[in-house]
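Report on one structure; see the data block that follows.
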Amino acid sequence: MDIDILTLFPQMFQGPFSTGIFERAIDHGLVSINLHNIRDYTYDKHHTADDYAYGGGAGMILKPEPIFEALESIEMDVKLEAGDMPIILLTPQGRLFSQPIAYELSKYSRLILICGHYEGVDGRVAEHLVTDEISIGDYVLSGGELAAMVVVDAVVRLLPGVLGSEASLQDDSHVAGLLEYPQYTRPAVYREWSVPEVLLSGNHAQVSKWRREQAIQRTLERRPELLDKASLSLEERRLVERLLTSPLDK
Ligand code: 9D3
């Protein structure tokens, strides 16, 4: 997958993209990430990338020209490829990013991400260039860069060969819709706190049952809205009912 990122702060990406799964995926040629500095496409003496908002208001707005120019420099005929290549603006006004969107984006061979900064981006970018607008959540960031990294991370780990074992991905989908059960590793007793006994029993059926129950219980306590969409067996639905009438104290 080829990922082009347009940003005023390409340096921000250096740490994350040279570490861990990114580093490995890039080294193995599974993904190629190309950073483009929007300021390189400004042609006035002061390399002006932003300006005041028409109609007034505090804060600066990213100008349209450098963004259009940057995009045209990396993709000569954007319109030709349009349907086949998402051009994504990271913006607080975008659709809320989620695992299904990460999965959807992982199917493309090329993505273009545009990071806004300041108080926003000239509206013509969203209206005439961008094919998709994404937000990563209802909190205020200082720009689209960290959001782009979140999106790229979630997408890249889905690409074939990127994760060490495909088993981890299997697991993602297996428990999809529920929060994960708690996990433990050695030592079996730490500061007098023991790992749940069932996990040491070697009884795989019991372990599976316990984990599933833990996942359901946690989801009910922390993210009850997820249970509406989760696919639970009849017996598991009964467990939910039981927990609702007599919650286990914690
Ligand atoms: C005065 C209004 N501004 C502050 C509430 C609007 C505003 C403009 C630009 C708020 C944040 C930003 C910068 N954020 C992003 O570019 C951004 C973002 C975010 O802030 N939260 C979640 N997802 C994203 S994706 C891009």
Relative to the longest principal axis of the C-alpha atoms of the chain, give the angle of the C-alpha long axis of helix 204-222, reported between 0 and 90° and rounded to the nearest 10°.
60 degrees
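Hey, got the dipole for segment 171-243? About the Cα centre, +1 on K and R Cβ, -1 on D and E Cβ, debye to the nearest 20?
Numbers: 12 positive and 12 negative charges, 19 e Å.
It works out to roughly 100 debye.
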Starting from the Cα-Cα distance between LYS229 and THR131, subtract it from 0.36 nm times their residue separation and give me the gain in nm to one decimal.
32.4 nm
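Accessible area per residue, 1.4 Å probe, Å², for the chain: what's the number? Walk me through the intermediate numbers first.
Numbers: 15290 Å² over 250 residues.
Ligands and nucleic acids excluded, the figure is 61 Å² per residue.
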Any idea what angle helix 64-74 forms with the longest principal axis of the chain, computed on alpha-carbon atoms, 0 to 90 degrees, nearest 10?
80 degrees
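Run the dipole for the chain about the Cα centre, Lys and Arg Cβ at +1, Asp and Glu Cβ at -1, nothing else charged, and hand back the magnitude in debye, nearest 20.
Numbers: 23 positive and 38 negative charges, 249 e Å.
The calculation lands at about 1200 debye.
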Would you kindly find the accessible area of PHE68, with a 1.4 Å probe and non-protein molecules such as ligands, DNA and RNA excluded, rounding to the nearest 10 Å²?
50 Å²
Of the candidates TYR54, TYR118, TYR184, which one comes out as most mobile in a Gaussian network treatment of the chain with C-alpha springs shorter than 10 Å?
TYR184
For the chain, what is the relative contact order in percent, using Cα pairs closer than 8 Å and at least 6 residues apart in sequence?
18 percent
Of LEU111, LEU179, LEU146, which is the most mobile in a GNM of the chain whose springs link Cα atoms less than 10 angstrom apart?
LEU179
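Given Cβ point charges of +1 (Lys, Arg) and -1 (Asp, Glu) and nothing else, what value in debye, to the nearest 20, does the dipole of segment 1-111 about its Cα centre take?
Working: 8 positive and 16 negative charges, 73 e Å.
Its charge dipole is roughly 340 debye.
Rounded, prolate or oblate: which fits the chain, taking a ≥ b ≥ c as square roots of the Cα gyration tensor eigenvalues, rounded meaning a/c under 1.5, else prolate when a/b beats b/c? All intermediate terms of the calculation are to be shown ahead of the outcome.
Numbers: a/c = 2.53, a/b = 2.08, b/c = 1.22.
Prolate is the answer for the chain, as a/c is 1.5 or above and a/b outweighs b/c.
Would you count, across the chain, every pair of lysines whose alpha carbons are under 25 angstrom apart, provided the pair is eight or more residues apart or spans two chains?
Working: LYS45/LYS63; LYS63/LYS79; LYS79/LYS107; LYS107/LYS229; LYS209/LYS229; LYS209/LYS250.
Taking the Cα cut-off of 25 Å, the pair count is 6.
Between GLU104 and LEU243, what FRET efficiency comes out of the Förster formula 1/(1 + (r/R0)^6) with R0 = 41 Å and r the beta carbon distance, rounded to 0.05?
Working: r = 34 Å, r/R0 = 0.82.
Once rounded, the FRET efficiency stands at 0.75.
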Spelling it out for ASP132: with amide H atoms placed in the peptide plane at 1.01 Å from N, the residues 5 or more places away or on another chain with amide H under 5 Å from its amide H are ILE87, LEU89
Accessible area of the chain belonging to carbon and sulfur atoms, whole % at 1.4 Å probe
53 percent
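The values are calculated or read from the model by the stated rules, or taken from the named source; none is laboratory data. Since the model is a prediction, treat every value here as computed from it, not as a measurement. Backbone-built Cβ (ideal geometry, glycine too); neighbour counts: all protein chains shown. Please note that ligands, DNA and RNA were not included when accessible areas were found on the heavy atoms of the full protein model with its side chains. Shrake-Rupley method; radii C 1.70, N 1.55, O 1.52, S 1.80 Å.
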